[in-house]
Amino acid sequence: MKIGCFAFLFCLLTIGSVVNAQPGKEKAVREVLKRVTGRADLPIKLALKHEKGGAPLYFQYQVNDEQLHLQGSTPVALCRGFYDFIKSNRCGLYSWSGNNMVFPHSLPQGIAKRVVSPFEHHYYLNVVTYGYSMPYWDWTRWEQEIDWMALHGIDMPLALVAYEAIVARVWEKMGLTKEEINHYFVGPAHLPWMRMGNISGIDGPLPEEWHRGQVRLQHQILNRMRDLGMKPICPGFAGFVPRDIKRIHPELNLITTHWGGAFSNWMISPDEPLFAQISTAFIEEWEKEFGKNERYLVDSFNEMEVPFPAKGTQERYRLLASYGDKVYQSIKKANPDAIWVMQGWMFGYQRHIWDYETLEALVSKVPDEKMLLLDLAVDYNKHFWHSEVNWEFYKGFYNKPWVYSVIPNMGGKTGLTGVLEFYANGHLEALRSSNKGRLEAYGFAPEGIENNEVIYELCSDAGWSNQEIDLNRWLEDYSWNRYGAYPNGVRNCWVLLQQSVYGSFTDHPRYNWQFRPGSVARGSIKANDLFFAAVESFVEAAPEMPFSRLFKTDVAELTALYLGGKIELLVNLIDQCYQQGDTLAAIGLEKDFEHLMLGVDRLLSAHPTLRLERWLDFAHGQTLDAELKSKYERNARRIVTIWGPPVDDYSARVWSGLVRDYYLPRWQNYFAARKKMERFDFAAWERDWVEGVQPLSKADIPVDVVATAKELVAYASALPLSKLAAMKDQKLGAWALDRDGEERFEFSIPAGKLPSMKGIQVLKRRGKGQALVAEVSLFVDGVAIFKVEGDEVLGGDNPLLTIPIPIPVDVKVNNGCQLKVVLRGVDLAGEVMLLEK
């Protein structure tokens with residue numbers, strides 16, 4: 001194979017360089033290259049070199065005498081340089097869904113390039129990625145991910161494995177029993193929220209076997225990261241403890257934390273001497289086990305109220321300054337060189353709490369060089385909250401070093417979303433701002449990974465550029481690297497995707513059929529006609545790429561999401577038939593619904609990552625004990641479905657296994673109940689699916705993915721979806737009273753609709769009798785913010801009721817907003833509509 005057509009002419013400048021004699025680091029780089037290419041004989045000469053007074057992070061390469069000369073300032077820079085060489089010459093990609101990199105057999109002279117990163121470090125991961133994607137990973141999967149990090153230029157990842165094992169040692173030395181400690185811990189997939197003080201008591205306790213395994217795993221993770229010169233961010237102690245600590249310290253003022261109205265934890269205030277004692281002891285124990293570390297993550301206020309006086313009071317700012325000082329001093333006592341790292345999700349999400357003065361007070365007594373602030377979600381500032389970016393609002397973050405970061409994913413959802421142009425060039429605004437302050441690093445903090453892969457490839461490239469990226473050209477190169485070709489069908493697909501799913505930002509992309517049946521009329525994925533046309537164009541390009549494995553992988557995924565959008569329309573057409581009393585038409589359409597759902601499942605059963613079976617295999621692989629296997633499976637099932645409850649359907653994966661065994665039967669039960677004029681207990685069914693641990697049904701894997709995709713696209717295109725009446729954006733869902741008595745209906749309200757909401761309308765569409773509206777209540781992240789009771793009559797001369805709902809100005813919604821309506825009556829049906837200002 002010969003390299004593609006781009007040659008970069010420059011001379012590798014080595015004058016003034018300092019050669020670092022680090023054979024161990026260079027060996028670690030060679031091992032990465034060997035694993036990702038499958039070759040141990042690569043004609044590559046590596047050189048780790050720092051430049052005096054020059055670029056802190058750079059790579060450069062050139063080809064001489066059929067050998068690639070690769071130079072960089074760090075091992076990660078060398079890996080990034082190698083990956084840049086591969087991609088710049090259209091020789092493949094290394095992605096979660098597949099690796100098709102091929103090092104060329106012939107290296108023509110004259111290839112040369114130099115790249116200097118505009119950032120000192122490149123950050124990666126979110127605290128909750130360890131729940132939504134990584135809780136049950138083994139070393140094999142972790143090794144692949146660290147290779148992915150190195151190739152994508154990541155040198156400052158979160159490394160949170162084994163926190164519980166270390167903190168348990170500290171608490172046991174204090175006098176807590178093993179039983180008290182382990183019963184405080186939650187199941188592995190829920191550990192991130194326990195660490196942040198949000199929850200307790202879900203799927204615990206943790207066995208000792210788990211702790212031993214996590215310690216072994218973290219040694220492997222940290223050793224590999226350090227071999228590659230990475231600067232991992234490890235966990236610190238944020239103050240959250242078992243309630244049983246009161247047995248040892250009855251005098252302790254223990255604060256009960258609340259999250260979402262249904263969960264709680266317990267916190268020691270930094271004002272208590274015990275806080276510093278545990279914090280210092282934790283870092284000492286951590287470094288005794290894993291060695292010295294430079295950065296420790298400590299977050300005490302994730303999505304929670306600040307337990308201090310009101311804004312504007314000097315006492316508030318005094319206490320916050322004291323709090324920040326005590327957290328830092330406890331870290332410093334254990335390791336004087338350590339840096340306190342703090343997430344900044346609250347800076348944008350809870351700005352009504354974290355105004356300029358509040359954050360200023362918190363960080364005021366921490367030395368500038370001993371703190372790093374993660375500005376976690378710039379994409380949310382720009383495209384969801386529509387608020388001033390944090391570095392402008394906080395005037396450069398008070399001279400504290402900070403990280404520019406985005407959150408392209410919430411919960412590991414697989415729906416497509418995200419403004420590609422922003423991810424390509426949004427960081428340039430920060431680099432050029434007069435308020436950029438000490439902008440030290442760039443990164444991305446997805447809640448879940450192995451989805452929307454183009455965004456992460458784009459973000460990692462953007463972080464190594466201080467010039468505007470031509471997105472169309474970048475997508476062309478991406479397609480050549482991923483598929484080995486760029487036919488017109490793929491080109492057209494990218495154009496249309498940018499006008500639909502990849503030209504819009506949705507914080508929680510889900511189809512209506514991924515929610516509890518009847519609770520949502522319209523999902524949040526922008527699966528419009530342009531999206532459908534994009535996928536059709538992509539599938540039609542198949543004959544021009546018959547041997548591309550990654551093209552077939554993307555055909556399976558894109559077609560599954562295409563069908564998902566058609567199924568959303570079908571759900572509403574079926575509901576329309578029931579509203580009109582046309583049960584026979586509804587039954588016929590339900591067969592189409594089942595066919596398409598099973599089609600989604602068939603396609604994804606051939607996908608390398610989007611499979612529930614794979615997810616459960618990771619959980620099973622943690623132990624040989626049959627009882628523990630079942631325990632971990634329950635926890636793994638819970639996080640991707642009901643979550644708790646009450647954060648139902650948050651993770652919303654379009655996965656093989658989950659579609660055929662969870663989403664489809666849930667809807668089949670709904671349809672059956674409507675025919676029998678009965679109500680179905682979804683909550684009980686969902687809990688049984690999670691906790692009953694029945695074996696998954698057998699997957700139906702297609703022999704030919706492309707042929708199957710074409711058949712399903714043709715089937716879906718022929719459905720009579722044009723019969724669906726135009727649905728107003730305000731429709732929340734449908735209700736039906738099939739038997740005498742009181743019924744409770746729940747509807748999900750999109751987070752973006754809450755600020756403009758002024759009430760609801762309850763409409764009767766079918767039936768001759770009357771209904772009574774007995775109660776209307778509104779819950780935000782599990783907390784009731786409105787409730788009204790009565791016996792308003794619906795029907796007769798009054799087929800519509802309007803119920804005003806005052807929304808507090810400062811209310812914020814993250815996990816979900818649910819409307820609950822209680823009705824009494826029989827043989828009636830209707831809809832609930834949203835009223836906006």
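Just so you know, in the stretch 793-837 the residues that are charged (D, E, K, R) and within 31 Å of the chain's Cα centre (by Cα) include one that is surrounded by the most Cβ atoms within 10 Å (Cβ to Cβ), and it is 812.
Residues in the stretch 478-493 that are part of a helix (DSSP H, G or I), open to solvent by 20 Å² or more (accessible area, probe 1.4 Å) and either free of Cβ contacts under 8 Å to residues at least 40 places away in the same chain or over 14 Å from residue 101 (Cα atoms) (or both): 488, 491, 492. Residue count for the stretch 111-143 satisfying the condition of being closer than 17 Å to residue 229 by Cβ and part of a loop (DSSP other than H, G, I, E, B): 3. Within the stretch 494-534, the residues that satisfy the criterion of being buried (at least 21 other Cβ atoms within 10 Å of the Cβ) and in a helix (DSSP H, G or I) are 494, 496, 497, 501, 502, 512, 513, 514, 531, 534.
Being β-branched (Val, Ile, Thr) and surrounded by fewer than 16 Cβ atoms within 10 Å (Cβ to Cβ) is the filter here, so list the residues in the stretch 292-332 that pass it. Once the filter is applied, which keeps residues that are β-branched (Val, Ile, Thr) and surrounded by fewer than 16 Cβ atoms within 10 Å (Cβ to Cβ), the stretch 292-332 yields only 313. In the set (1) closer than 27 Å to residue 682 by Cβ; (2) among the hydrophobic types (A, V, I, L, M, F, W, C); (3) touching a helix residue (DSSP H, G or I) at 6+ places or on another chain (Cβ under 9 Å), residue 550 fails one condition alone, (1).
Are there any helices (runs of 4 or more DSSP H) wholly within the stretch 646-721 with 3 or more residues that are in contact (Cβ under 8 Å) with a residue 24 or more places away in the chain and within 30 Å of residue 203 (Cα to Cα), and if so which?
Here the list reads 664-676, 682-692.
Residues in the stretch 621-649 that are in contact with a Pro (Cβ under 8 Å, 6 or more places away or on another chain), surrounded by 22 or more Cβ atoms within 10 Å (Cβ to Cβ) and of a type in the set (A, V, I, L, M) were compared, and the one that is farthest from residue 692 (Cα to Cα) is 639. Listed by first and then second residue, the pairs with beta-carbon distance under 7 Å, at least 6 apart or on different chains, first residue in the stretch 532-556 and basic (Lys, Arg), second surrounded by 21 or more Cβ atoms within 10 Å (Cβ to Cβ), are 552/705. For the stretch 427-456, which positions are under 17 Å from residue 392 (Cα atoms), open to solvent by less than 10 Å² (accessible area, probe 1.4 Å) and either of a type in the set (Gly, Ala, Ser) or part of a loop (DSSP other than H, G, I, E, B) (or both)? Residues satisfying the conditions are 430, 441. Only one of the numbered conditions (1) under 28 Å from the mean Cα position of the chain (by Cα); (2) modelled with pLDDT of 95 or more; (3) not in a helix (DSSP H, G or I) is not met by residue 365, and that is (1). Step by step: first the residues of the stretch 606-620, then only those that are of a type in the set (D, E, K, R) and out of contact with any strand residue (DSSP E or B) (no Cβ under 6 Å at 6 or more places or on another chain), then the one that is most open to solvent (accessible area, probe 1.4 Å). Which residue is that? In this case the residue turns out to be 617.
Scanning for something surrounded by fewer than 17 Cβ atoms within 10 Å (Cβ to Cβ) and over 30 Å from residue 813 (Cβ atoms), does the stretch 338-361 turn up at least one residue? For the stretch 338-361, residues surrounded by fewer than 17 Cβ atoms within 10 Å (Cβ to Cβ) and over 30 Å from residue 813 (Cβ atoms): absent.
Of everything in the stretch 278-291 that is touching a residue at least 60 places away in the same chain (Cβ under 8 Å) and open to solvent by 10 Å² or more (accessible area, probe 1.4 Å), the residue that is nearest to residue 353 (Cα to Cα) is 281.
Could you tell me whether residue 728 is over 24 Å from residue 539 (Cα atoms), open to solvent by 40 Å² or more (accessible area, probe 1.4 Å), modelled with pLDDT of 95 or more and among the basic types (Lys, Arg)?
no
Restricting to the stretch 63-97, count the residues that are touching a Ser or Thr at 6+ places or on another chain (Cβ under 7 Å) and open to solvent by 10 Å² or more (accessible area, probe 1.4 Å). It would help to see each step written out before you state the result.
Filtering the stretch 63-97 down to residues touching a Ser or Thr at 6+ places or on another chain (Cβ under 7 Å) leaves 96-97.
Narrowing the set further to residues that are open to solvent by 10 Å² or more (accessible area, probe 1.4 Å) leaves 96.
Final tally of qualifying residues: 1.
The values are calculated or read from the model by the stated rules, or taken from the named source; none is laboratory data. Because the structure is a prediction, the values reported are computed rather than measured. Note that each Cβ is placed from the backbone with ideal geometry, even for glycine, and that neighbours are counted across all protein chains shown. With ligands, DNA and RNA removed, areas are computed over all heavy atoms of the protein, side chains included. Shrake-Rupley method; radii C 1.70, N 1.55, O 1.52, S 1.80 Å.
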